[in-house]
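This report refers to the structure that appears directly beneath it.
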Amino acid sequence: MAVGQALVETRALIKSFGPVRAVDGISFTVGRGEVVGFLGPNGAGKSTTMKMIAGFLEPTSGSAYVAGFDSQRDPIAARNHLGYLPEGAPAYPDMTVADFLAFVAGMRGLSPAQGQRRLAELVESIDLADVWNRRIEALSKGYKRRVGIAQALVHDPDVLVLDEPTDGLDPNQKHEMRALIRTLAPTKAIIVSTHILEEVEAICTRAIVIARGKMLADGTPADLLAHAPHRDETMQQLVKTTPLEDAFRHITLDQAGV
Amino acid sequence: MRALVLIFRREFAAYFATPLAAVFLAVFVGVSTGMTFFVSNFFDRSQADLSSFFTWQPWLLLVLMPAVGMRLWAEERRLGTIELLMTLPVQPWKIVLSKWLAAFAFAGLALVFTMPLWITVNWLGSPDNGVILASYLGAWLMAGAFLAIASCISALTKNQVLAFIGAVIAGFIFVMAGFDLVLSAVRPWAPDVIVQVIASMSFIGHFQRITDGVFEASALVFFISLIGFALWLNVQILDARKAA
């Protein structure tokens with residue numbers, strides 16, 4: 001591996017769409033066993049950063065590495081180590097869950113026998129048995145998300161990049177998804193994007209706060225809490241907030257210069 | 001190689017996932033034979049050949065092939081599955097090629113369904129079956145060229161209707177290239193070489209030579225290299241969109 005223990009590394013990643021700088025100089029590393037939460041308002045550049053790590057978008061400048069391989073210059077090697085859940089968990093609606101996952105397993109280079117064995121494990125751990133032969137277009141949002149996770153795990157990758165894995169799930173499903181991510185955590189490097197703050201506390205070992213394409217904070221959830229402004233307990237709050245929400249608002253609103 | 005087969009299978013099956021494939025095949029066979037019998041008056045000609053069938057193929061394929069090819073990339077983009085597909089450990093050209101091959105196979109199937117006509121002319125007389133076979137191959141290759149153009153344009157948008165219209169317009173230019181309508185517009189100002197080049201791009205010109213029974217290598221080379229170029233361009237478009 002080119003970069004020590006880091007399974008994911010970005011170096012001064014910049015992405016411009018015309019005059020807009022969606023990602024503006026993001027550098028960080030993620031090692032095995034870490035679950036990093038990408039935290040930020042909508043449109044902060046979380047998805048764009050993830051797309052560059054996955055190699056779907058080419059950075060305007062800077063580079064992203066997966067398991068030491070450059071996502072752009074060595075894309076096949078990088079992708080072999082990466083499981084990626086794109087935003088919205090896209091999947092082919094006309095395929096059944098079984099066919100779709102078998103397709104991904106084949107494309108990932110698993111032999112049909114290996115694929116069958118691996119899919120049998122995933123049916124168990126992700127609880128897909130009920131919908132196994134159903135077309136993806138007929139699935140609920142929760143199941144669709146789970147199919148997306150299964151697809152990312154087919155080749156048991158070292159690195160998982162999950163764009164809003166719990167978006168649109170009900171509280172029970174959210175709980176299950178978080179439990180799953182936690183069981184996967186020790187052997188992998190995982191990046192999870194979210195704008196749900198409780199998620200960071202629930203599953204992440206580290207949080208990176210992004211707003212307007214810039215990294216505003218990088219630390220454990222406890223570190224983040226230190227950013228929370230001192231609370232005036234006597235003040236009547238109109239909207240109840242948690243300390244983490246206060247910290248988030250403080251970081252993303254104040255430091256971005258609003 | 002395995003990736004090529006897997007994508008081909010998925011894409012080919014996708015055509016049959018909805019009733020669209022059946023509708024398309026019915027329209028293609030219906031219009032092809034309808035033109036042959038009612039517009040070209042197949043029976044009145046009293047000739048045991050299929051030229052009254054093949055005359056219409058460039059025009060029919062011009063409209064119907066974009067309908068087959070428009071979904072190839074536009075749909076992936078609309079569904080977001082392009083992000084999944086393009087982050088699999090497979091070279092983009094393999095994906096482009098196998099998607100096109102699936103559409104090409106589907107076009108071949110549509111042509112196979114018109115073969116009762118071939119049987120009919122053999123029953124009515126004794127046609128030159130070599131010419132008919134060559135014409136079928138020529139029509140299939142021309143369909144492939146229309147599909148490659150459609151695939152290329154489909155990669156530019158997530159709107160299938162736009163992809164369809166764009167592909168019909170681009171195909172129309174190739175179909176019309178040999179006609180005086182186009183050439184006389186170019187001739188007054190362009191050097192002879194340019195006029196020759198444009199005329200040599202004509203789908204109808206190349207196809208007609210095949211249906212006339214002169215199966216020249218040049219027509220074959222023309223369609224195959226056009227397909228190759230369009231698919232290469234398709235890969236470049238995908239690459240450029242990545243950096244956009």
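The values are calculated or read from the model by the stated rules, or taken from the named source; none is laboratory data. Quantities reported herein were computed from a predicted structural model and do not represent experimental measurements. Using ideal geometry, Cβ is built from the backbone for each residue, glycine included, and neighbour counts are taken over all protein chains shown.
Only residues that are farther than 22 Å from A:Ala64 by Cβ, within 8 Å of chain B (Cβ to nearest Cβ) and touching a strand residue (DSSP E or B) at 6+ places or on another chain (Cβ under 9 Å): list them for segment A:76-98, please. Within segment A:76-98, A:Pro93, A:Asp94, A:Met95 meet the criteria.
Restricting segment B:15-26 to residues that are facing another protein chain (nearest Cβ under 10 Å) and without any contact (Cβ under 8 Å) to a residue 24 or more places away in the chain, the residue that is surrounded by the most Cβ atoms within 10 Å (Cβ to Cβ) is B:Ala17.
Might you check whether a residue that is within 14 Å of chain A (Cβ to nearest Cβ) and either under 30 Å from A:Thr60 (Cβ atoms) or surrounded by 17 or more Cβ atoms within 10 Å (Cβ to Cβ) (or both) occurs anywhere in segment B:199-210? No, segment B:199-210 contains no residue that is within 14 Å of chain A (Cβ to nearest Cβ) and either under 30 Å from A:Thr60 (Cβ atoms) or surrounded by 17 or more Cβ atoms within 10 Å (Cβ to Cβ) (or both). When the residues of segment A:1-47 are filtered to those that are in contact (Cβ under 8 Å) with a residue 24 or more places away in the chain and aromatic (Phe, Trp, Tyr), the one that is nearest to A:Ala222 (Cα to Cα) is A:Phe38.
A quick yes/no check of all residues on (1) touching a Ser or Thr at 6+ places or on another chain (Cβ under 6 Å); (2) of a type in the set (D, E, K, R); (3) surrounded by fewer than 22 Cβ atoms within 10 Å (Cβ to Cβ); (4) modelled with pLDDT under 95:
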| site | (1), (2), (3), (4) |
| --- | --- |
| B:Ser135 | yes, no, no, yes |
| B:Ala145 | no, no, no, no |
| B:Cys152 | no, no, no, no |
| B:Ala155 | no, no, no, no |
| B:Lys158 | no, yes, yes, yes |
| B:Ile165 | no, no, yes, no |
| B:Phe172 | no, no, yes, yes |
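Among helices (runs of 4 or more DSSP H) entirely within segment A:148-226, having at least 3 residues that are over 29 Å from A:Glu124 (Cα atoms) singles out A:221-225.
Does any residue of segment A:59-70 turn out to be small (Gly, Ala, Ser), facing chain B (nearest Cβ under 10 Å) and touching an Asp or Glu at 6+ places or on another chain (Cβ under 8 Å)? Checking segment A:59-70: not a single residue is small (Gly, Ala, Ser), facing chain B (nearest Cβ under 10 Å) and touching an Asp or Glu at 6+ places or on another chain (Cβ under 8 Å). Here A:Met50 qualifies as within 30 Å of A:Asp223 (Cα to Cα) and within 14 Å of chain B (Cβ to nearest Cβ). Scanning segment B:177-198 for residues being assigned to a helix (DSSP H, G or I) and touching a residue at least 12 places away in the same chain (Cβ under 8 Å) gives a total of 5. Taking B:Lys99, is it in a helix (DSSP H, G or I), within 14 Å of chain A (Cβ to nearest Cβ) and touching a Phe, Trp or Tyr at 6+ places or on another chain (Cβ under 8 Å)? So B:Lys99 fits the description; yes. Residue-level check: of (1) in a helix (DSSP H, G or I); (2) touching a Lys or Arg at 6+ places or on another chain (Cβ under 8 Å); (3) small (Gly, Ala, Ser), A:Ser63 misses just (1). Applying the condition of being out of contact with any His (no Cβ under 9 Å at 6 or more places or on another chain) and surrounded by 15 or more Cβ atoms within 10 Å (Cβ to Cβ) to segment A:217-229 and asking which residue is farthest from A:Ile53 (Cα to Cα) yields A:Leu225.
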